[in-house]
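Below is one structure; the comments refer to it alone.
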Amino acid sequence: MNTEIAQKVIREIVATADVFLRESHRLFRPHGLTAPQYNVLNILAGTRDVKGLSQRELGDILVVDRSNVTGLLDRMEKCGWVRRADDAKDRRIYRVELTAKGRKLWTRVEPLYAEVVRQLTEGADQRQMQAALVLLAELQSKAAIWSLSDSR
């Protein structure tokens with residue numbers, strides 16, 4: 001493996017993530033949202049057929065620590081966008097659901113986000129997108145293992 005190109009790939013991924021994060025603030029801020037809050041709304045909007053998600057499931061999808069999910073949901077619940085309810089089968093678990101107010105906000109912002117995604121990916125063919133997904137998944141998996149081995 002060419003170390004120089006490998007380092008450039010990682011630098012470009014980090015730089016791209018930084019740009020996406022900065023620009024996502026511009027997209028979401030006028031709606032009173034942060035990027036992580038939009039991600040929660042987006043995930044919950046796709047769970048209409050189930051009675052919400054547990055905080056743990058949400059954390060696993062978001063790839064964040066459970067304590068971060070708690071604070072995020074506290075703020076979103078205060079805004080009236082989500083609600084936490086006891087799980088019918090396990091009283092130790094809260095199910096997180098989108099409220100009508102949260103769904104209305106998501107319905108307003110999602111088309112704006114979808115348009116940005118369309119503009120950014122315009123010109124990339126299916127093969128390129130699939131190859132990028134495979135590479136990113138592999139790098140993410142290796143980074144998680146590296147993180148675990150680093151904490152010992």
Legend entry - Every residue from the stretch 1-48 that is closer than 27 Å to R66 by Cβ, at pLDDT below 90 and aliphatic (A, V, I, L, M): L21
Legend entry - Residue list for the stretch 86-145, filter: β-branched (V, I, T) and within 17 Å of L44 (Cβ to Cβ): I93, V96, T99, T107, V109
Legend entry - Which numbered condition N39 misses (of (1) within 28 Å of G102 (Cβ to Cβ); (2) in contact (Cβ under 8 Å) with a residue 24 or more places away in the chain; (3) assigned to a helix (DSSP H, G or I)): (2)
Inset, instruction - Report yes if some residue within the stretch 137-152 is of a type in the set (G, A, S) and at pLDDT 90 or above; otherwise report no. - result: yes
Legend entry - Any hit, the stretch 49-60, residues being at pLDDT 90 or above and touching a Phe, Trp or Tyr at 6+ places or on another chain (Cβ under 7 Å): no
Inset, instruction - Enumerate the pairs (first residue in the stretch 71-97 and in contact (Cβ under 8 Å) with a residue 40 or more places away in the chain; second residue anywhere and acidic (D, E)) with beta-carbon separation below 8 Å, excluding pairs fewer than 6 apart on the same chain, so at least 6 apart or on different chains. - result: V82/E97; Y94/D86; Y94/D87; R95/D86; R95/D87
Inset, instruction - Return the pairs, sorted by first residue and then second, in which the second residue is outside any helix (DSSP H, G or I) and surrounded by 12 or more Cβ atoms within 10 Å (Cβ to Cβ), the first residue lies in the stretch 9-35 and is in contact (Cβ under 8 Å) with a residue 24 or more places away in the chain and among the hydrophobic types (A, V, I, L, M, F, W, C), the beta carbons are less than 7 Å apart, and the residues are 6+ apart or on different chains. - result: F28/T34
Legend entry - Enumerated helices (runs of 4 or more DSSP H) restricted to the stretch 44-152, each holding at least 3 residues that are surrounded by 11 or more Cβ atoms within 10 Å (Cβ to Cβ) and among the aromatic types (F, W, Y): none
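The values are calculated or read from the model by the stated rules, or taken from the named source; none is laboratory data. Bear in mind that the values here come from a model prediction, so they are computed numbers and not experimental data. Virtual Cβ from ideal backbone geometry, glycine too; neighbours counted across all protein chains shown.
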